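The values are calculated or read from the model by the stated rules, or taken from the named source; none is laboratory data. Small disclaimer: the values here were computed from a predicted structure and weren't measured. Cβ placement follows ideal geometry from the backbone for every residue including glycine, while neighbour counts extend to all protein chains displayed. Remember, those area values only see protein heavy atoms, side chains included, never the ligands or the DNA or RNA. Shrake-Rupley method; radii C 1.70, N 1.55, O 1.52, S 1.80 Å.
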Amino acid sequence: MAHDVETGFGASRRGFLGGTALATAGAVIGSILPSGNGGGIPQAHAQAAAPAAPKGPQHLKFPGKNEKLVVLGDKPLVAETPESLLDDETTPIEKFFIRNNGQLPEEAKNPDAWKITIDGEVNNKLEITLGELKSKYKPVTRRMVLECGGNGRGAFSPPARGNQWTNGGAGCAEWTGVPLAEVLKAAGLKKSAKYTAHYAADLHLSGDAAKPTISRGVRIEKALDPYTMIVWAMNGQPLPNIHGGPVRLIVPGWPGSASQKWLTKITIRDKEHDGPGMTEFSYRTPIKPMVPGDKGDPANFRILESMPVRSIVTSPANGAKFAAGTKELKLRGASWAGELTVKQVDVSIDSGATWQRAVLEKPKNKYDWQRWTATLKLPSDGYFEIWTRATDSKGVMQPHQAGLWNPQGYGGNAMHRVAVLVG
Ligand SMILES: Nc1nc2c(c(=O)[nH]1)N[C@H]1C(S)=C(S)[C@@H](COP(=O)(O)O)O[C@H]1N2
Ligand SMILES: [Mo]
């Protein structure tokens, strides 16, 4: 990664004096620093998104979206949520990250007439409209994290290919819909059913209508997880077009790419799906660790399923400034761990020499994130970095640096770091 060396507190393009103030615990003297760099670079100098953002962060201008979202790419449109914007219990739609691989489809004029087909290894091919889905099944609402498989990618060194997400390729919303399992039951899975293949209405960037933009799938066991859902509402609102409305999949805990937006068809296959996004290095991590920066051998890769444990500081914001003499910092954050839960979150202000345990909340339901709080005593004025690390229910903790390097940068879950200046 091109770590920025021109910076310092006064000079950073994305640093302490770079931009707009944020309303958080303290007055903020800079724009949002790219955070979660996870390396040995002081957070005040870090420039995780440097290759993608030579002029500093490009802020999103999109109807209904918060202007503090950071654009990682505009063709296709990809925007992430700075960690400090993930401070709500439930992520509002306006703050939710956007990840498109193709062209954004036009908004459906008659959402209830939208058709979904279930075919392949089933006894009865189903064609069901959204209107029928809503009336035939009992809707359920669950708060669940949706996280891009590449979240944390910006922390890999050397840089991995793809959008340089910090930790903001994730959000936690309330999703309303029906368990996919119920619809699959109605279609009647054959014994040969092994894998799903998801299809959608968004056009490939090339404009070639014959090419799926992205078509991923999951093992049938995950498709039958009662939390894997076909959803049509987000935070109580009809699912917005930008998030896949009128209807999408939510496959919680696994890379967001399995959560097909603008869902038109699920084909049940008798073997692992091989659509765009399933093969080579896509959404896969090494079986045997590889030399960072090497080309890699596709035979040494396996599909990434559960996302790794992660925690973020959501307040104070990176770059926050506090008055001289401030003795205590009140911290808030979030943590989640793919299919697992988080059992512990710790915070440090001395580069990990000592750690303090945070107060961790329980998830509302499986796949919800867990909010945490902590109060840190400050030994003096000065520059501090708050580091946070979470440990999952199997005892696996976030590493100091993004490990298990891979060409497309999946699974990067280095500890999150935010810099603050006191006095
Ligand atoms: N049809 C379709 N579904 C898709 C995508 C896409 O490009 N097309 N992107 C996927 C990826 S990579 C992610 S991380 C999530 C992002 O969902 P969001 O844009 O609602 O945050 O949608 C997934 N579903
Ligand atoms: Mo993604």
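Restricting to the range 236-258, name every residue that is near ligand 1 (Cβ under 8 Å from one of its atoms) and on the phi > 0 side of the Ramachandran plot. The answer is Gly244, and nothing else. Would you confirm, using the coordinates I've provided, whether Leu133 is within 16 Å of ligand 1 (Cβ to nearest atom) and open to solvent by less than 20 Å² (accessible area, probe 1.4 Å)? Criteria not met by Leu133. Cβ-Cβ distances below 7 Å connect the following pairs, each with a first residue in the range 243-258 that is under 11 Å from Leu304 (Cβ atoms), a second residue that is surrounded by fewer than 24 Cβ atoms within 10 Å (Cβ to Cβ) and of a type in the set (Lys, Arg), and a separation of six or more residues or different chains: Trp254/Lys222.
Pairing residues of the range 345-372 that are open to solvent by 50 Å² or more (accessible area, probe 1.4 Å) with residues that are among the aromatic types (Phe, Trp, Tyr) and part of a loop (DSSP other than H, G, I, E, B), at Cβ distances under 8 Å and at least 6 apart in sequence or on separate chains, gives Lys366/Tyr227.
Within the option set Ala233, Ala209, being surrounded by fewer than 21 Cβ atoms within 10 Å (Cβ to Cβ), assigned to a strand (DSSP E or B), within 15 Å of ligand 1 (Cβ to nearest atom) and aliphatic (A, V, I, L, M) holds for one residue only, Ala233. Leu239 satisfies every condition listed in (1) farther than 28 Å from Thr341 by Cβ; (2) free of Cβ contacts under 8 Å to residues at least 12 places away in the same chain; (3) crowded, with 24+ Cβ neighbours inside 10 Å except (1). Within the range 258-282, being within 16 Å of ligand 2 (Cβ to nearest atom) and open to solvent by less than 20 Å² (accessible area, probe 1.4 Å) holds for Ala258, Ser259, Gln260, Trp262, Leu263, Gly275, Gly277, Met278, Phe281. I'd like to know if the range 194-201 contains one or more residues that are within 14 Å of ligand 1 (Cβ to nearest atom), under 29 Å from Pro92 (Cβ atoms) and either outside the structural domain of Gln103 (by TED's automatic domain parsing) or among the acidic types (Asp, Glu) (or both). Checked the range 194-201: no residue is within 14 Å of ligand 1 (Cβ to nearest atom), under 29 Å from Pro92 (Cβ atoms) and either outside the structural domain of Gln103 (by TED's automatic domain parsing) or among the acidic types (Asp, Glu) (or both). Val78 falls short of the stated requirement of being crowded, with 17+ Cβ neighbours inside 10 Å, more than 15 Å from ligand 2 (Cβ to nearest atom) and not small (Gly, Ala, Ser).
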